[in-house]
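The values are calculated or read from the model by the stated rules, or taken from the named source; none is laboratory data. It should be emphasised that the depicted structure is a prediction, and the values quoted were computed from it without experimental measurement. Positions of Cβ are backbone-derived with ideal geometry, glycine not excepted, and every protein chain shown enters the neighbour counts.
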């Protein structure tokens with residue numbers, strides 16, 4: 001359920017961007033239902049009726065179903081009379097007054113995860129500019145879903161099965177790697193609920209001591225987390241999307257707060273006070 005909610009947030013944002021970029025009066029879309037070859041229309045903007053809300057579009061049927069089946073964008077100039085598609089959904093489409101429509105699939109690792117639609121109430125070609133904007137919006141959703149998938153994988157890895165007791169040293173290294181990866185992913189998560197869950201998971205991997213006095217800023221902790229994993233300043237900068245000089249500044253600030261003179265001392269102090277696992 002959380003994954004569906006997070007995905008719906010990304011779809012909603014992409015539809016808003018699509019309308020702003022193209023001036024399309026109508027945009028809607030949804031995700032492929034888990035375990036079923038169909039898209040559930042959940043997000044709508046610019047519609048005048050509820051005819052399309054919660055519509056289930058089966059793979060192969062209608063314009064969206066064709067886009068799902070082919071895993072590529074599809075468009076029609078006049079939906080109700082088009083011979084390129086089947087017409088299972090003519091009634092809700094007509095109720096909304098839609099004529100010209102395009103559908104762009106959201107494809108993650110070769111699997112269709114959703115569909116974005118853009119539509120007009122007149123029968124006219126939508127054009128390459130509109131198609132390009134719709135494809136770009138779908139790519140934004142794809143990247144967001146990839147990040148979310150990675151985040152959930154890391155969350156799962158950070159919660160090992162109780163019955164499994166690996167080598168203590170190796171286990172701690174896995175925990176530290178998961179902690180670093182989670183902190184790096186958090187700023188890229190648009191959904192606030194999932195981002196909060198990631199940061200909470202980071203907190204579960206550490207145990208701050210009551211006497212800890214040093215309080216690091218989030219970015220200082222991000223940098224120190226990757227330094228603890230053995231990354232160079234350049235590698236940290238690439239991971240966090242920062243400039244190397246900025247990384248150095250955060251690291252110097254963290255060292256000062258921790259009373260450390262070297263990178264190693266800073267990492268040891270952070271672990272001793274529970275700021276790092």
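Please give the strands (runs of 3 or more DSSP E) falling wholly within the range 9-67 in which 3 or more residues are within 20 Å of the chain's Cα centre (by Cα) and over 17 Å from residue 111 (Cα atoms).
Qualifying strands (runs of 3 or more DSSP E): 38-45.
Return the residue satisfying two criteria in turn: it lies in the range 96-121 and is surrounded by fewer than 16 Cβ atoms within 10 Å (Cβ to Cβ) and modelled with pLDDT under 95, and of such residues it is nearest to residue 146 (Cα to Cα).
So in the range 96-121, the residues surrounded by fewer than 16 Cβ atoms within 10 Å (Cβ to Cβ) come out as 109-111, 121.
In the following step, the residues that additionally are modelled with pLDDT under 95 were identified as 109-111.
Working: 109: 9, 110: 12, 111: 12 Å.
Filtering the range 96-121 for residues that are surrounded by fewer than 16 Cβ atoms within 10 Å (Cβ to Cβ) and modelled with pLDDT under 95, the one nearest to residue 146 (Cα to Cα) comes out as 109.
Looking at 93, 104 in this structure, which one is assigned by TED's automatic domain parsing to the domain that holds residue 27, part of a helix (DSSP H, G or I) and touching a strand residue (DSSP E or B) at 6+ places or on another chain (Cβ under 8 Å)?
Exactly one of 93, 104 is assigned by TED's automatic domain parsing to the domain that holds residue 27, part of a helix (DSSP H, G or I) and touching a strand residue (DSSP E or B) at 6+ places or on another chain (Cβ under 8 Å), namely 93.
Considering each of 30, 60 in turn, give the residue that is buried (at least 18 other Cβ atoms within 10 Å of the Cβ), modelled with pLDDT under 95 and either touching a helix residue (DSSP H, G or I) at 6+ places or on another chain (Cβ under 7 Å) or outside the structural domain of residue 110 (by TED's automatic domain parsing) (or both).
Every option except 30 fails the conditions.
Taking the criterion of being surrounded by 15 or more Cβ atoms within 10 Å (Cβ to Cβ), more than 17 Å from residue 183 (Cα to Cα) and out of contact with any strand residue (DSSP E or B) (no Cβ under 7 Å at 6 or more places or on another chain), would at least one residue in the range 222-232 satisfy it?
Checked against the condition, which is being surrounded by 15 or more Cβ atoms within 10 Å (Cβ to Cβ), more than 17 Å from residue 183 (Cα to Cα) and out of contact with any strand residue (DSSP E or B) (no Cβ under 7 Å at 6 or more places or on another chain), the range 222-232 yields no hits at all.
I'd like to know if the range 122-136 contains one or more residues that are in contact (Cβ under 8 Å) with a residue 24 or more places away in the chain and under 15 Å from residue 39 (Cα atoms).
No: zero hits.
For the range 110-121, name all the residues that are in contact (Cβ under 8 Å) with a residue 40 or more places away in the chain and either farther than 18 Å from residue 66 by Cβ or assigned to a loop (DSSP other than H, G, I, E, B) (or both).
120, 121
So for the range 205-220 (the condition being modelled with pLDDT of 85 or more and surrounded by 19 or more Cβ atoms within 10 Å (Cβ to Cβ)), does at least one residue qualify?
So far as the range 205-220 goes, yes, one or more of its residues are modelled with pLDDT of 85 or more and surrounded by 19 or more Cβ atoms within 10 Å (Cβ to Cβ).
Hey, residue 242 hits all of (1) more than 25 Å from the chain's Cα centre (by Cα); (2) assigned to a loop (DSSP other than H, G, I, E, B); (3) modelled with pLDDT of 80 or more but one; which does it fall short on?
(1)
Evaluate the following for residue 83: is it touching a helix residue (DSSP H, G or I) at 6+ places or on another chain (Cβ under 9 Å), surrounded by fewer than 23 Cβ atoms within 10 Å (Cβ to Cβ) and assigned by TED's automatic domain parsing to the domain that holds residue 8?
On the way: touching a helix residue (DSSP H, G or I) at 6+ places or on another chain (Cβ under 9 Å): no; surrounded by fewer than 23 Cβ atoms within 10 Å (Cβ to Cβ): yes; assigned by TED's automatic domain parsing to the domain that holds residue 8: yes.
The answer is no for residue 83.
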